[in-house]
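S.K.: One structure coming up, written as structure tokens, with questions to follow.
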Amino acid sequence: MADLSIDFCGIKSPNPFWLASAPPTDKAYNVVRAFEAGWGGVVWKTLGEDPPAVNVSSRYSALHGKNREVIGFNNIELITDRSLEINLREITAVKKAWPDRALVVSMMLPCEEAPWREILPLVEATGADGIELNFGCPHGMPERGMGAAVGQQPDLIEQVTRWCKTYTRLPVIVKLTPNITDVRAPARAALAGGADAVSLINTINSITHLDLDRMVAFPAVGNASTHGGYCGTAVKPIALNMVAEIARDPMTKGLPISGIGGIGNWRDAAEFIALGAGSVQVCTAAMLHGFRIVEEMKDGLSRWMDSKGYDNIAAFSRKAVPNTTDWKYLDMNYQVIAHIDQDKCIQCGRCHVACEDTSHQAIARLVDGNARKYEVIEPECVGCNLCEITCPVEGCITMVPQQTGKPYMNWTQDPRNPRAEVTLDEA
């Protein structure tokens, strides 16, 4: 059996699956149930100053797919609405009862040194394993000069991180906002401030849908609403990209990363780890399906690692990073062509319609009496993958690599590029 245990910036846990700072980690009752279910760690819901935040009703909305599947989840809930004293007492008790699990405390305070100096020692005294600085919350708290309002300003990230490293011996994880043009800048600032790690992504500014009778967005609070934080399956591609950007940035490539965003199964987790994450945090999937989902996550990841010969998480961590590059370095001479497996084809015609209407007219529709058949017109196929994506039968359409006889050539070397940096011979 593969070893799922991790040591993330000095924080040990029996597996890489942590619950993210959110409603599922708001109190001891939830966290204990999570540990009983097998989660390797939790990030306690964000603590703030007293008096605690006051939340509104309602708080959640969702984007649904077919059969009411939740594709994206939106919330306007703030940080903990329980007192600092109650939270600290419960954190102390939980950590004492579960010493082998990772317990990280999320924190959000004003950009003033005094509150951090006062509260950090109290958090450290609980026995917690680390702190996570919430610089990502996109609603409510930015209006108070916290959350994403800090995460969008690298100078503030560096300053607050440095304060935390001054007033606590615990590992400091900086949680980054995705509501920014280039996530590398705040990651670099966190590192400059002494951060031990970063976590990302926090939620994305969003409005999921409207009630067109009342002309108000969801979740509705009376006759008004506001943008909230978007999470769930839909944000996974954005999160993977941002994790990869930090992992392959020369200035931050060695910085530990806790991956967050749309993780709902073991495969999602493996993808985050392969692109640079040392631990993964889950929220929406647990809210929709309960804490027991971690059983499948652990079992699935372990079985996959065994099948690949990976003895531990480190064996495949960041393994996909060297294969992630800028567009200009991709091979211009590499070519694939679509192939339709006629034995699997159900003659639905989706590939033909998509290619004929919106792509390269590379799939022919052949009719012989009442029979239909679809074939790829190879000279017209550019290998865009659209037909493969639209096909409802898995494995029916595949993209077949072609032997072009041409050497690797990227765009910086391509003679068709008016600003080519070097010739092919020089490369």
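The values are calculated or read from the model by the stated rules, or taken from the named source; none is laboratory data. Remember, predicted model here, so these are calculated numbers, not experimental data. Neighbour counts are summed over all protein chains in view; Cβ atoms, including those assigned to glycine, are modelled from backbone coordinates with ideal geometry.
S.K.: W116 - would you say it is surrounded by 16 or more Cβ atoms within 10 Å (Cβ to Cβ) and out of contact with any strand residue (DSSP E or B) (no Cβ under 9 Å at 6 or more places or on another chain)? Can you show your working first?
M.R.: Values: surrounded by 16 or more Cβ atoms within 10 Å (Cβ to Cβ): yes; out of contact with any strand residue (DSSP E or B) (no Cβ under 9 Å at 6 or more places or on another chain): no.
No.
S.K.: Please go through the range 55-113 and give me each residue that is polar (S, T, N, Q) and either surrounded by 23 or more Cβ atoms within 10 Å (Cβ to Cβ) or closer than 21 Å to G136 by Cα (or both), ordered by number. Reasoning before the result, please.
M.R.: Within the range 55-113, the subset polar (S, T, N, Q) is 55, 57-58, 61, 67, 74-75, 80, 83, 87, 92, 106.
The answer is N55, S61, N74, N75, T80, N87, S106.
S.K.: In addition: Has the range 329-339 got at least one residue that is surrounded by 15 or more Cβ atoms within 10 Å (Cβ to Cβ) and either touching a helix residue (DSSP H, G or I) at 6+ places or on another chain (Cβ under 8 Å) or assigned by TED's automatic domain parsing to the domain that holds R248 (or both)?
M.R.: Yes, the range 329-339 contains at least one residue that is surrounded by 15 or more Cβ atoms within 10 Å (Cβ to Cβ) and either touching a helix residue (DSSP H, G or I) at 6+ places or on another chain (Cβ under 8 Å) or assigned by TED's automatic domain parsing to the domain that holds R248 (or both).
S.K.: Could you check, for the range 106-113, whether at least one of its residues is under 23 Å from the mean Cα position of the chain (by Cα), assigned by TED's automatic domain parsing to the domain that holds G145 and under 29 Å from L210 (Cα atoms)?
M.R.: In the first step, residues of the range 106-113 are kept if they are under 23 Å from the mean Cα position of the chain (by Cα); the result is 106-108.
Filter again for assigned by TED's automatic domain parsing to the domain that holds G145, leaving 106-108.
From what's left, under 29 Å from L210 (Cα atoms): none.
No, that holds for no residue.
S.K.: Could you grab me the full set of residues in the range 265-301 that are over 20 Å from S317 (Cβ atoms) and either touching a residue at least 60 places away in the same chain (Cβ under 8 Å) or assigned to a loop (DSSP other than H, G, I, E, B) (or both)? Give the steps one after another, and end with the answer.
M.R.: Pass one, the range 265-301, residues over 20 Å from S317 (Cβ atoms): 283-293, 295-296.
Within the range 265-301, C283, T284, A286, M287, L288, G290, F291, R292, E295 qualify.
S.K.: Looking at (1) assigned by TED's automatic domain parsing to the domain that holds V280; (2) on the phi > 0 side of the Ramachandran plot, find the lone condition where G369 falls short.
M.R.: That leaves (1) as the condition not met.
S.K.: Can you name every residue in the range 340-358 that is assigned to a loop (DSSP other than H, G, I, E, B), surrounded by fewer than 17 Cβ atoms within 10 Å (Cβ to Cβ) and either not aliphatic (A, V, I, L, M) or not assigned by TED's automatic domain parsing to the domain that holds I397 (or both)?
M.R.: Of all residues in the range 340-358, those assigned to a loop (DSSP other than H, G, I, E, B) come to 341-349.
Next, from what is left, pick out any that are surrounded by fewer than 17 Cβ atoms within 10 Å (Cβ to Cβ): 341-344, 346-349.
Of everything in the range 340-358, those that are assigned to a loop (DSSP other than H, G, I, E, B), surrounded by fewer than 17 Cβ atoms within 10 Å (Cβ to Cβ) and either not aliphatic (A, V, I, L, M) or not assigned by TED's automatic domain parsing to the domain that holds I397 (or both) turn out to be D341, Q342, D343, K344, Q347, C348, G349.
S.K.: Can you work out which of the residues in the range 28-51 that are within 14 Å of E90 (Cβ to Cβ) and in contact with an Asp or Glu (Cβ under 6 Å, 6 or more places away or on another chain) is surrounded by the fewest Cβ atoms within 10 Å (Cβ to Cβ)? Let's see the steps before the verdict.
M.R.: Step one: list which residues in the range 28-51 are within 14 Å of E90 (Cβ to Cβ), which gives 28-35, 42, 44-45, 47.
After this cut, where a residue has to be in contact with an Asp or Glu (Cβ under 6 Å, 6 or more places away or on another chain) as well, the list is 28, 45.
Numbers: A28: 18, K45: 25.
My answer is A28.
S.K.: From I91, I79, I71, grab the single residue that is over 29 Å from E158 (Cβ atoms) and touching a Ser or Thr at 6+ places or on another chain (Cβ under 9 Å). Outline the logic, then answer.
M.R.: Values: I91 fails: over 29 Å from E158 (Cβ atoms); I79 fails: over 29 Å from E158 (Cβ atoms).
Of the residues listed, the single one that is over 29 Å from E158 (Cβ atoms) and touching a Ser or Thr at 6+ places or on another chain (Cβ under 9 Å) is I71.
S.K.: G130 - would you say it is in the same structural domain as E77 (by TED's automatic domain parsing), touching a residue at least 12 places away in the same chain (Cβ under 8 Å) and within 20 Å of S279 (Cβ to Cβ)?
M.R.: Working: in the same structural domain as E77 (by TED's automatic domain parsing): yes; touching a residue at least 12 places away in the same chain (Cβ under 8 Å): yes; within 20 Å of S279 (Cβ to Cβ): yes.
The answer is yes for G130.
S.K.: What is the number of the single condition among (1) aliphatic (A, V, I, L, M); (2) in contact with an Asp or Glu (Cβ under 8 Å, 6 or more places away or on another chain); (3) part of a strand (DSSP E or B) that L109 does not meet?
M.R.: Of the numbered conditions (1) aliphatic (A, V, I, L, M); (2) in contact with an Asp or Glu (Cβ under 8 Å, 6 or more places away or on another chain); (3) part of a strand (DSSP E or B), the odd one out for L109 is (3).
S.K.: Quick check on my filter: what residues within the range 7-16 are in a strand (DSSP E or B) and either within 15 Å of M297 (Cα to Cα) or touching a strand residue (DSSP E or B) at 6+ places or on another chain (Cβ under 6 Å) (or both)?
M.R.: Filtering the range 7-16 down to residues in a strand (DSSP E or B) leaves 7-8, 11-13.
Selection gives F8, I11, S13.
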